[in-house]
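Notes follow once the structure below has been shown.
Each reported figure results from applying straightforward, stated rules to the coordinates on display, with no laboratory input. Every value quoted in this text rests on a predicted model; they were computed, and no experiment measured them. Cβ sites come from the backbone with ideal geometry, for glycine too, and all protein chains shown count toward neighbours.
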Amino acid sequence: MSESAEPASSSSPRVGLFVTCLVDLFRPSVGFAAVKLLEEAGCRVEVPSQQTCCGQPAYNSGDRADAQDLARQTVAAFEGFDYVVAPSGSCAAMLREHYPALLGEDPRWAERARALAARTWELVSFLTDVRGVQAVAARFEGTVTYHDSCSGLRELGIRAQPRALLSTVAGLRLNELPDADVCCGFGGTFCVKYPEISNVMVSEKVTCIEASGAQTVLAGDLGCLLNMAGKLHRAGVAVRARHVAEVLAGMADGPAIGEPAPTSDNAVAAKG
Amino acid sequence: MHSTARAFKANARTAVEDPQLKRALRHVKEGFIHKRAKAVARLPEFEALRDAARAIKDHTLAHLDLYLEHYEARVTAHGGQVHWCVTAADARAAVLDICRRVGAKTVTKGKSMIAEEIALNEHLEANGITPVETDLGEYIIQLRHEPPSHIIAPAVHLTKDVIEADFRAKHTHLPTGRSLGEARELVDEARTVLRERFLKADVGITGANFLVAETGSSVIVTNEGNGDLTQILPRVHIVVASLEKIVPTLEDLSIILRVLARSATGQEFSTYTTVSTGPKRPEDPDGPEEYHVILLDNGRSAMLGSVFRDALRCIRCGACMNHCPVYHAVGGHAYGWVYPGPIGAVLTPALIGLENAADLPNASTFCGRCEAVCPMEIPLPRLMRHWREQEFARHLTPLAARTGLGLWAFFAKRPTLYRWAMRAAMKALGRLGRRRGRFSTLPLAGGWTRFRDMPAPEGETFQAAWAARHGRARAQGGQR
């Protein structure tokens with residue numbers, strides 16, 4: 001599908017997919033889209049079963065001990081891969097930017113954490129910057145807009161990469177999102193600790209999404225997407241939300257985030 | 001200043017419901033951000049200047065004792081006096097002593113956040129001395145008996161119509177039918193009222209944006225010129241400043257000034273940059289007869305030896321709050337003390353105690369915009385996280401949050417149990433949510449579902465689906 005794709009062979013890089021807890025639990029289809037994109041970029045993909053969460057909920061709540069335990073667990077699960085790739089800027093930044101600091105003073109783990117950090121990438125930037133993918137062969141009919149999730153944008157410098165690949169999706173038109181670089185108000189536990197503030201932020205985001213004129217909002221982080229999709233639905237705004245990997249992999253046929261699954265039940269319900 | 005930082009959550013709830021505040025905060029969002037971006041874009045060496053400014057402050061903080069002593073020696077040599085004050089109470093007492101000794105009845109004040117920090121106005125008033133704020137924004141909030149809501153734009157929470165009503169209510173000696181609808185008219189009226197006060201004042205009190213060790217000078221940057229009148233007209237000039245305001249030389253000052261105004265208001269330079277060195281000399285045509293510097297510690301030397309040291313680089317430009325989506329939502333008063341926004345979330349716990357301000361470092365999504373624009377490259381999210389770690393370590397975290405976190409960590413640290421438990425939970429949730437694709441209420445998720453729907457999970461976890469597709473052997477393949 002991609003121009004630079006090579007068939008996976010024994011010389012292909014071995015990629016460990018860090019699927020992230022939210023994709024694992026809420027939207028496995030994003031994980032399969034990531035696998036498809038990675039395989040088409042010539043990678044052999046494996047999914048270590050000992051992964052759970054990168055530890056951000058603990059780390060950002062000041063629970064350093066649990067964050068360190070989860071960092072060690074993740075470091076151990078992903079040793080031996082050429083690369084570790086996550087369909088999330090936030091979780092990739094946790095492994096890349098924060099694990100070395102979190103385990104920096106642990107003599108048995110500091111070096112291993114640094115080694116993992118050096119091999120860890122966010123999915124879309126891995127495709128473009130490491131695998132040299134310049135185009136995807138996907139098709140998506142409609143106008144989309146793209147929200148830059150904070151960690152990916154400011155900790156990993158991901159901005160041009162998703163736009164570059166989206167521009168090669170047939171049928172897709174990208175309208176820039178006003179204030180695309182402003183936080184959507186998710187912030188992990190922030191959104192439930194300070195619901196009123198988070199609500200102001202996500203309401204502003206919904207206003208910007210509407211102003212973009214797009215039918216679908218895309219982003220690279222499922223946390224932000226659950227937040228935006230949840231608010232779009234609650235506000236009755238007819239804009240869908242999808243992970244960017246779904247569109248790039250040509251796997252955006254299923255229900256968007258927060259939409260009902262197409263079952264016979266629903267067909268009956270819709271008629272009724 | 002009295003703190004309501006403990007009530008941050010309640011303050012924030014009130015603030016987000018205030019339509020007038022919402023209108024006023026639009027100016028922060030739309031004004032400051034674009035102006036800063038334009039000013040930065042016009043200066044190709046801006047990033048290099050940031051690095052240089054940061055290096056100057058890091059160097060200064062590493063040798064702070066040396067520079068402070070040198071500074072004091074230069075102030076003394078010029079005929080001024082430095083008053084070292086450990087606490088806010090010491091600083092208040094030192095100012096009051098000077099005012100009493102010279103028999104002051106009214107003092108004019110230039111804008112000073114340190115004066116707010118030590119609650120100077122209240123103290124002077126309680127002792128029969130009338131302080132008059134001369135910065136337009138400070139003057140307005142003094143009329144309203146409010147604290148500033150922003151460190152460089154103290155009245156940014158107010159709209160023009162509110163200010164007009166305040167002026168009409170307080171300036172009763174002026175004709176009632178006068179036109180006051182334009183910003184210009186409000187400025188002119190404040191100017192007329194204040195002019196008289198400048199001439200009557202016995203003491204002028206200003207803050208300092210910088211103290212220069214090389215020359216013993218204090219430096220203020222303003223746009224209204226009120227600071228100059230405050231410090232030149234009265235017989236006595238008192239500078240209130242905290243000890244991290246020091247820079248080694250005028251050359252260093254010039255570098256930091258190049259990032260300050262651009263970061264703050266998007267100006268290349270503030271309208272007035274005033275350097276004061278000691279009292280009036282015999283050959284000077286004007287100036288104060290006495291020059292005092294109240295040099296305040298109030299918790300800063302403790303920060304110097306801690307992980308929060310980086311925050312002492314702050315030059316109070318306000319860029320962090322101007323770019324903060326949380327500040328945009330709640331405004332400055334919700335933070336409850338002198339310094340709002342991200343820098344406030346770091347400074348306030350250090351200066352009034354974490355137990356009195358624990359919400360502040362938590363009320364951030366760590367979006368990182370503050371750090372990205374900070375001219376002094378202060379790692380604000382990292383410092384807020386340090387406070388959260390201290391909060392957790394000191395068992396100040398609310399019990400519900402702590403329990404929830406503990407339960408989640410118990411599962412997350414046991415991958416096999418986690419996989420099974422989560423698979424069961426997602427299957428149940430997926431089935432419940434299949435028809436609508438989302439939930440509008442969900443037990444234990446009220447914080448989420450009060451304002452937005454919760455998208456339903458697809459049903460199967462990725463791990464389970466992957467294992468099913470690839471067989472147990474391959475799923476185990478990554479475990480090594």
Original post:
What are the residues whose amide H is under 5 Å from the amide H of A:Leu174, where those residues sit 5 or more places off or on another chain and H is modelled from the backbone?
Top reply: A:Val144
Original post:
How far apart, in nm, are two points set 7 Å out from the Cα along the Cα-to-Cβ line at B:Arg309 and at B:Tyr272?
Top reply: 3.7
**OP:** For A:Thr143, put the label point 7 Å out on the Cα→Cβ axis and report which residues of segment A:221-248 keep their amide N under 13 Å from it.
**Re:** A:239
Subject >> Two-site label geometry, B:Arg469 and A:Ala211: point separation in nm, points 7 Å out along Cα→Cβ >> reply: 3.9
Subject >> Farthest toward positive dipole pole in segment A:135-248 [+1 Lys/Arg, -1 Asp/Glu at C-beta], among A:Ile209, A:Ser198, A:Leu153 >> reply: A:Ile209
Original post:
For labels at B:Thr76 and B:Lys105 in the simple 7 Å Cα→Cβ model, what's the distance in nm?
Top reply: 3.7
**OP:** Sort B:Asp228, B:Asp286, A:Asp82 so that the residue with the fewest other Cβ atoms within 10 Å of its own Cβ comes first and the one with the most comes last.
**Re:** B:Asp286, A:Asp82, B:Asp228
Original post:
Out of A:His243, A:His233, A:His147, any idea which swings most in a Gaussian network model of chain A, alpha carbons joined below 10 Å?
Top reply: A:His233
Original post:
Which percentage, to the nearest 5, of the DSSP beta bridges contained in the protein assembly as shown is antiparallel?
Top reply: 20
Subject >> Efficiency of FRET between B:Leu442 and B:Lys170 - r from beta-carbon atoms, R0 45 angstrom, step 0.05 >> reply: 0.30
Subject >> Order of B:His328, B:His34, B:His83 - criterion: other Cβ atoms within 10 Å of each residue's Cβ, fewest first >> reply: B:His34, B:His83, B:His328
Subject >> Lys/Arg +1, Asp/Glu -1 at C-beta; the protein assembly as shown dipole; positive extreme among B:Leu211, A:Gln51, B:Val330 >> reply: A:Gln51
Original post:
With respect to the cross-link table entries A:Lys205/B:Lys160; B:Lys200/B:Lys280; B:Lys105/B:Lys200; A:Lys231/B:Lys160, which display a Cα-Cα separation exceeding 21 Å?
Top reply: A:Lys205/B:Lys160; A:Lys231/B:Lys160
**OP:** Could you point to the residue in B:Ile238, B:Pro248, B:Thr403 farthest towards the positive end of the protein assembly as shown's charge dipole, with +1 and -1 charges on the Cβ of Lys/Arg and Asp/Glu respectively?
**Re:** B:Thr403
Subject >> Magnitude of the charge dipole, chain B, Cβ model with Lys/Arg +1 and Asp/Glu -1, debye to 20 >> reply: 3620
**OP:** Return the long-range amide H neighbours of A:Trp121 (sequence gap of 5 or more, or a different chain), with a cut-off of under 5 Å between placed amide H atoms.
**Re:** A:Val84, A:Val85, A:Ala86
Original post:
Want the number for A:Asp69 to A:Ala164: 0.36 nm per residue separation, take away the alpha-carbon distance, what's left?
Top reply: 30.5 nm
Original post:
Of all DSSP beta bridges in chain B, what percent run antiparallel (nearest 5)?
Top reply: 30
Original post:
Among B:Leu347, B:Leu354, B:Leu174, B:Leu243, what is the fewest-to-most ranking by other Cβ atoms within 10 Å?
Top reply: B:Leu174, B:Leu354, B:Leu243, B:Leu347
Original post:
About its Cα centre, what dipole magnitude does segment B:136-266 give when the only charges are +1 on Lys and Arg Cβ and -1 on Asp and Glu Cβ, stated in debye to the nearest 20?
Top reply: 240
Original post:
Of the residues A:Met228, A:Met201, A:Met94, which exhibits the maximal mean-square fluctuation in a Gaussian network model of chain A defined by a 10 Å Cα contact cut-off?
Top reply: A:Met201
Original post:
Among A:Ser151, A:Ser203, A:Ser11, which one moves the most in a GNM of chain A with springs linking Cα atoms closer than 10 Å?
Top reply: A:Ser11
Subject >> Theoretical gain in end-to-end length, B:Leu199 to B:Thr4 [0.36 nm per residue, Cα-Cα removed] >> reply: 66.6 nm
**OP:** Using the 4.7 Å Cβ rule, please list in number order the cysteines from chain B without any candidate partner.
**Re:** B:Cys85, B:Cys99, B:Cys314, B:Cys317, B:Cys324, B:Cys374
**OP:** For segment B:431-470, report the translational diffusion coefficient in µm²/s to the nearest whole number, using Stokes-Einstein at 4 °C, 1.567 mPa s, and a Kirkwood Rh over Cα pairs.
**Re:** 113
Subject >> Cβ-placed point charges (K, R +1; D, E -1), dipole of segment B:9-103 about Cα centre in debye, nearest 20 >> reply: 740
Subject >> Volume in Å³ per residue [convex hull over Cα atoms, computed for chain B] >> reply: 192
Subject >> ³J(HN,Hα) computed for each position of segment B:106-115 - Karplus, 6.51 cos²θ - 1.76 cosθ + 1.60, integer Hz, glycine/proline x >> reply: 10, 10, 8, 10, x, 5, 8, 6, 5, 4
